[in-house]
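Novice: Before I ask anything, let me first share the structure, which is written out below as structure tokens.
The values are calculated or read from the model by the stated rules, or taken from the named source; none is laboratory data. Keep in mind the model is a prediction, meaning the values are calculated, not measured. Positions of Cβ are generated from backbone atoms using ideal geometry, with glycine treated the same way; all protein chains shown enter the neighbour counts. Side chains included, ligands, DNA and RNA excluded: accessible areas come from the protein's heavy atoms. Shrake-Rupley method; radii C 1.70, N 1.55, O 1.52, S 1.80 Å.
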Amino acid sequence: MGIIELSNINKYYYMGENALHVLKDVSLTVEKGDYLAILGPSGSGKSTLMNIIGCMDVSDGGEYYLDGESVHNAKEEELTRIRNEKIGFIFQKYHLIPTYNVLQNIVMPLLMRGLTLKEAHEHSMEIIHMLGLSDRIEHKPSELSGGQQQRVAIARALVGEPAILLADEPTGALDKNSGIEVLKLFQRLNDMGNTIVMITHDLGVAEHAKRIVKIVDGELTIQEK
Amino acid sequence: MRKRELLRLVWQNITQNKFKTVMTSIGIIVGAATIVMVIAIGKGGQMDVADQFKNLNAGAIDISCEGAGKESSSSGRGGFGGFGGGMPGGGFSDGNSSSENSGSGGRMPNGGEMPEGGKMPDMSQMPEGGEMPDMSQMPEGEEMPDMPQMPEGGEMPDMSQVPENGKNSADGESTEGATGKNDSAREASESRENDNSGNRGDRGNRNGNFAMTESTEQEIITLTDEDLTNILAGDVGASEGTISYSTRSSIEGGELEEATTYTIAGVQSNYAQISNLTMAVGEFLTEEANNNKEKSCVLGANIAAEIFGSAIDAYGSILYIDQRIYVVDGVLESMGSVSSGISPDDAVFIPYQTGIKYLVGENADPTITIIADDVEHLDTVITATTELLAEYYPNTEFTYEDAGSKMEAASASNEILTMLLIAMAVIVFIVGGIGIMNVMFVSVKERTNEIGILKAIGCSQKNILLEFLLEAGAISFIGGVLGMLLSLGITPLVRYFDVRVELSLAAFGAALAFAVCTGVIFGFYPAYRASKLVPVEALSAE
Ligand SMILES: Nc1ncnc2c1ncn2[C@@H]1O[C@H](COP(=O)(O)OP(=O)(O)OP(=O)(O)O)[C@@H](O)[C@H]1O
Ligand SMILES: [Mg+2]
């Protein structure tokens, strides 16, 4: 059994009378230690799928098991715990809390688990160092470049040692060099044993992954590699 | 999440963006301050009204003989002691035609009083206490060309003839009075007093008419303590009473640089008790002092301060009233403004008999104040007293004024004030509440995105709500406290404009509780709504 087991996942958006069928019977299995790229054109439903995988949104039918736990019928409290313990989510728009500094943003998931600020800080030192943010921990997100903000978001996603790392267009808002940096980092994380699912509309980016699936109009099509 | 970490975050959120915190608080500050001020000003108003009547005795009835003491150059109308201390009707005033003085105005020789000044052009210009010598001797039936505008009852000259021809029918009472029979005059007088119209000007006019119509028969007497004894012994329904008069006289001594004229009140020893006066130092004039005609005095609070600097300095000192030496036996507590007339704060009290002997002599115009045993039935007391006095003075007209009706009016207006205050408070609470609500709602709504992030990284709904609850509570509390400080700051300013402000713990408590409750509720609600959303929805909220 894979770490992610999606079967017949559907998602509709209701716009008045019309229902927009965004995900059509999507089934997907991701094994532990996998590095998967979901490739598709804009509007194909990539983000929608990723949000469901990351427990940020709910599906309209279908089954979803994450690391052995059933998500499709989980209660809010369970989802909260799963989000905190199992998932590291990197948003396209970073989504850092603007009033907290880099360190606080990074340690937030640990504080949720009941660690003290001191413990959380010690715990996250290694990741902060690895992402080259050691001399930026007092800065506010607004004082950082896009690439740096993305690294803070990655650090926050990694700090809780999640079962899977989900990244929605991690390079989308970055310049070429920063993008390559992030992809190198992902490669390293995967080499260290992390399971990664990444979304992209760029085949060049997707090719860094071990495996690519294509999504067109809400349907997963070819499984490559 | 640990409480300490949560509190740290809350603290950080509040302190880091000080500008935003202050902006958010301003609505709360203003709301809380307004609530405190409205309650304080309303309470001040209420207490003002209450204070004015605090030394007014509900059962007090003042009896005076209009026109007595007419020769007195200093005391125009010596109806001092009105309402057992309320001193209404210009008791202390110098007999000018202030609109408060019932029936004041130029004095007529036979005790008749002219209607309030102005309506009779040439009379209104009469000097105070001036006499109009020939009124009573006016030839009957002769028109008085200068008084075409005589109010009520029309032609003056005819009035003296009314008893004969009964022509004057413009005013029922007047006609009745004009029959010249004391009985009916008295009835009229009673009905006049009992209807308590409260319209002093009107009363004055009627008094004037009376006096005029009876000018040939009215006998003016000077009330004495013997009359008081007779009334109290006469089973009229009053077992307590006092007699007093007021005059004005020059005083020297203390820190005064030159002789200054003050109001002097000649009173008996029980006056203080009947008028609810309290002593700051020393004691009130004793029975003995009265009997022995001792030259001692008790000073009102303002007078003591003016002449001696303070009550303590005044106590035991001496001063000169009309060039005679008096010892200050005591000083009154400040009584504040009274419902009407002049406050006891501005009077010098001397023993009744002392004043008769040295100051007013035959010209005293005393007022007898009796305290009805049953406050509910002042009218029966007045009727009984009228009958009793008629036995002694069949040809004399007495004026009765009772405090009860005044107090009724006061308590009615007090009720209106209270209602007004409540209405105002409700409005302020609503307006303040809407202000707080808006500010809180917007500032939390703005952070829907942050709530989305917290949810995405696995923050429980409980912790999210707790954080926002604490923040809203803290900001509201800070705002509430700052609002109170603001109201403390405004208070001297408002007082500067002579508005009485009574700050109270209750007002502070109400304002703070309201600010915190409103702030928390309206800070909590949008946070609650956002925390219910799935993370994506919260994150995509603008
Ligand atoms: N909240 C929403 N309400 C209605 N329709 C939505 C909503 N979110 C997405 N959609 C629609 O669902 C479809 C899939 O959107 P999605 O964001 O998953 O696309 P995407 O593949 O991530 O595109 P992109 O590469 O541009 O990010 C789109 O047609 C979009 O218009
Ligand atoms: Mg997308």
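Residue-wise test of (1) outside the structural domain of residue B:356 (by TED's automatic domain parsing); (2) assigned to a strand (DSSP E or B); (3) at pLDDT 90 or above.
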| position | (1), (2), (3) |
| --- | --- |
| B:254 | no, no, no |
| B:261 | no, yes, yes |
| B:294 | no, no, yes |
| B:312 | no, no, no |
| B:330 | no, yes, yes |
| B:335 | no, no, no |
| B:339 | no, no, no |
| B:342 | no, no, no |
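Novice: Name the residues in the stretch B:441-459 that are in contact with a Ser or Thr (Cβ under 6 Å, 6 or more places away or on another chain) and away from chain A (no Cβ under 11 Å), would you?
Specialist: B:443
Novice: For residue A:114, indicate whether it is open to solvent by 10 Å² or more (accessible area, probe 1.4 Å) and of a type outside the set (A, V, I, L, M).
Specialist: Yes: the conditions hold for residue A:114.
Novice: Scan the stretch A:14-29 for residues that are more than 14 Å from chain B (Cβ to nearest Cβ) and within 8 Å of ligand 1 (Cβ to nearest atom) and jot them down.
Specialist: If the condition is that a residue be more than 14 Å from chain B (Cβ to nearest Cβ) and within 8 Å of ligand 1 (Cβ to nearest atom), then A:15, A:20 are the ones that fit.
Novice: Can you pull out the residues in the stretch B:439-459 that are open to solvent by 30 Å² or more (accessible area, probe 1.4 Å) and part of a helix (DSSP H, G or I)?
Specialist: B:439, B:441, B:442, B:445, B:449
Novice: Would you call residue B:481 in a helix (DSSP H, G or I) and under 22 Å from residue B:44 (Cβ atoms)?
Specialist: Here the answer is no, as residue B:481 does not meet what is asked.
Novice: Let me ask something else about it. Looking at the stretch B:504-521, which of the residues that are aliphatic (A, V, I, L, M) and surrounded by 18 or more Cβ atoms within 10 Å (Cβ to Cβ) is farthest from residue B:434 (Cα to Cα)?
Specialist: The extreme case among them is B:507.
Novice: Does residue A:3 fit the bill of being away from ligand 2 (no atom under 16 Å from the Cβ), hydrophobic (A, V, I, L, M, F, W, C) and in contact (Cβ under 8 Å) with a residue 60 or more places away in the chain?
Specialist: yes
Novice: List pairs: first residue in the stretch A:37-49 and β-branched (Val, Ile, Thr), second residue more than 9 Å from ligand 2 (Cβ to nearest atom) and part of a helix (DSSP H, G or I) anywhere in the structure, Cβ distance under 9 angstrom, at least six positions apart or on different chains.
Specialist: A:38/A:49; A:38/A:206; A:48/B:536
Novice: Residues of the stretch A:23-66 being of a type in the set (S, T, N, Q), open to solvent by 10 Å² or more (accessible area, probe 1.4 Å), near ligand 2 (Cβ under 10 Å from one of its atoms) and in contact with a strand residue (DSSP E or B) (Cβ under 6 Å, 6 or more places away or on another chain), which ones?
Specialist: If the condition is that a residue be of a type in the set (S, T, N, Q), open to solvent by 10 Å² or more (accessible area, probe 1.4 Å), near ligand 2 (Cβ under 10 Å from one of its atoms) and in contact with a strand residue (DSSP E or B) (Cβ under 6 Å, 6 or more places away or on another chain), then A:47, A:48 are the ones that fit.
Novice: If you don't mind, another one. So which of A:137, A:97, A:82 is of a type outside the set (Lys, Arg), closer than 25 Å to residue B:11 by Cβ and open to solvent by less than 20 Å² (accessible area, probe 1.4 Å)?
Specialist: Checking each option against the conditions leaves just A:97.
Novice: When you look at residue B:462, is it more than 14 Å from chain A (Cβ to nearest Cβ), open to solvent by 20 Å² or more (accessible area, probe 1.4 Å) and charged (D, E, K, R), yes or no?
Specialist: It is false that residue B:462 is more than 14 Å from chain A (Cβ to nearest Cβ), open to solvent by 20 Å² or more (accessible area, probe 1.4 Å) and charged (D, E, K, R).
Novice: For the stretch B:31-53, indicate whether the set of residues that are within 11 Å of chain A (Cβ to nearest Cβ) and surrounded by 22 or more Cβ atoms within 10 Å (Cβ to Cβ) is non-empty.
Specialist: No, that holds for no residue.
Novice: Find all pairs meeting these conditions: Cβ atoms under 9 angstrom apart; at least six residues apart or on different chains; first residue within the stretch A:160-175 and open to solvent by 30 Å² or more (accessible area, probe 1.4 Å); second residue part of a loop (DSSP other than H, G, I, E, B) and of a type in the set (Asp, Glu).
Specialist: Every condition considered, the pairs that remain are A:172/A:202.
Novice: State whether the residues of the stretch A:136-143 include one that is more than 13 Å from the chain's Cα centre (by Cα), more than 16 Å from ligand 2 (Cβ to nearest atom) and at the interface with another protein chain (Cβ under 10 Å from one of its Cβ atoms).
Specialist: Checked the stretch A:136-143: at least one residue is more than 13 Å from the chain's Cα centre (by Cα), more than 16 Å from ligand 2 (Cβ to nearest atom) and at the interface with another protein chain (Cβ under 10 Å from one of its Cβ atoms).
Novice: Exactly one condition in (1) at pLDDT 75 or above; (2) in a helix (DSSP H, G or I); (3) aliphatic (A, V, I, L, M) is not met by residue B:49; state its number.
Specialist: So residue B:49 meets the others, but not (1).
Novice: Of all the residues that make up the stretch A:71-84, how many are among the polar types (S, T, N, Q) and more than 7 Å from every other protein chain (Cβ to nearest Cβ)?
Specialist: Residues in the stretch A:71-84 being among the polar types (S, T, N, Q) and more than 7 Å from every other protein chain (Cβ to nearest Cβ): 1 in total.
Novice: Which numbered condition trips up residue B:533, out of (1) farther than 22 Å from residue B:470 by Cβ; (2) within 16 Å of ligand 1 (Cβ to nearest atom)?
Specialist: Condition (1) is where residue B:533 drops out.
Novice: Okay, next question. Which one of these is in contact (Cβ under 8 Å) with a residue 40 or more places away in the chain, hydrophobic (A, V, I, L, M, F, W, C) and more than 9 Å from chain B (Cβ to nearest Cβ): A:87, A:97, A:106?
Specialist: A:106
Novice: Shifting gears a bit: Any residue in the stretch B:515-542 that is more than 18 Å from residue A:97 (Cα to Cα) sitting within a Cβ distance under 6 Å of a residue that is open to solvent by 80 Å² or more (accessible area, probe 1.4 Å) and of a type in the set (Phe, Trp, Tyr)? List the pairs, counting only those 6 or more apart or interchain.
Specialist: B:516/B:477
Novice: In this structure, is residue A:142 assigned to a helix (DSSP H, G or I), open to solvent by 50 Å² or more (accessible area, probe 1.4 Å) and more than 16 Å from ligand 1 (Cβ to nearest atom)?
Specialist: Yes: the conditions hold for residue A:142.
Novice: Kindly evaluate residue B:418 against the criterion of being modelled with pLDDT of 80 or more and not hydrophobic (A, V, I, L, M, F, W, C).
Specialist: No: the conditions fail for residue B:418.
Novice: Could we say that residue A:68 is closer than 20 Å to residue A:199 by Cα and either facing chain B (nearest Cβ under 9 Å) or not hydrophobic (A, V, I, L, M, F, W, C) (or both) here?
Specialist: no
Novice: Checking residue A:3 against (1) within 13 Å of chain B (Cβ to nearest Cβ); (2) more than 13 Å from ligand 1 (Cβ to nearest atom); (3) surrounded by 14 or more Cβ atoms within 10 Å (Cβ to Cβ); (4) of a type outside the set (Phe, Trp, Tyr), which single condition isn't satisfied?
Specialist: Unmet for residue A:3, out of (1) within 13 Å of chain B (Cβ to nearest Cβ); (2) more than 13 Å from ligand 1 (Cβ to nearest atom); (3) surrounded by 14 or more Cβ atoms within 10 Å (Cβ to Cβ); (4) of a type outside the set (Phe, Trp, Tyr): (1).
Novice: I'm trying to understand the selection: among the residues of the stretch B:246-277, which are touching a Lys or Arg at 6+ places or on another chain (Cβ under 9 Å) and open to solvent by 10 Å² or more (accessible area, probe 1.4 Å)?
Specialist: Hits for the stretch B:246-277 are B:261, B:262, B:276.
Novice: Would you pick out the residues in the stretch B:1-30 that are within 14 Å of chain A (Cβ to nearest Cβ), open to solvent by 80 Å² or more (accessible area, probe 1.4 Å) and closer than 23 Å to residue B:487 by Cα?
Specialist: B:18, B:19
Novice: How many of the residues making up the stretch A:157-186 are within 14 Å of chain B (Cβ to nearest Cβ), in a helix (DSSP H, G or I) and either within 16 Å of ligand 1 (Cβ to nearest atom) or among the small types (Gly, Ala, Ser) (or both)?
Specialist: Of the residues in the stretch A:157-186, 1 are within 14 Å of chain B (Cβ to nearest Cβ), in a helix (DSSP H, G or I) and either within 16 Å of ligand 1 (Cβ to nearest atom) or among the small types (Gly, Ala, Ser) (or both).
Novice: For the structure I just gave you, tell me whether residue A:218 is farther than 18 Å from residue A:47 by Cα, within 16 Å of ligand 1 (Cβ to nearest atom) and away from chain B (no Cβ under 14 Å).
Specialist: So residue A:218 fails the test.
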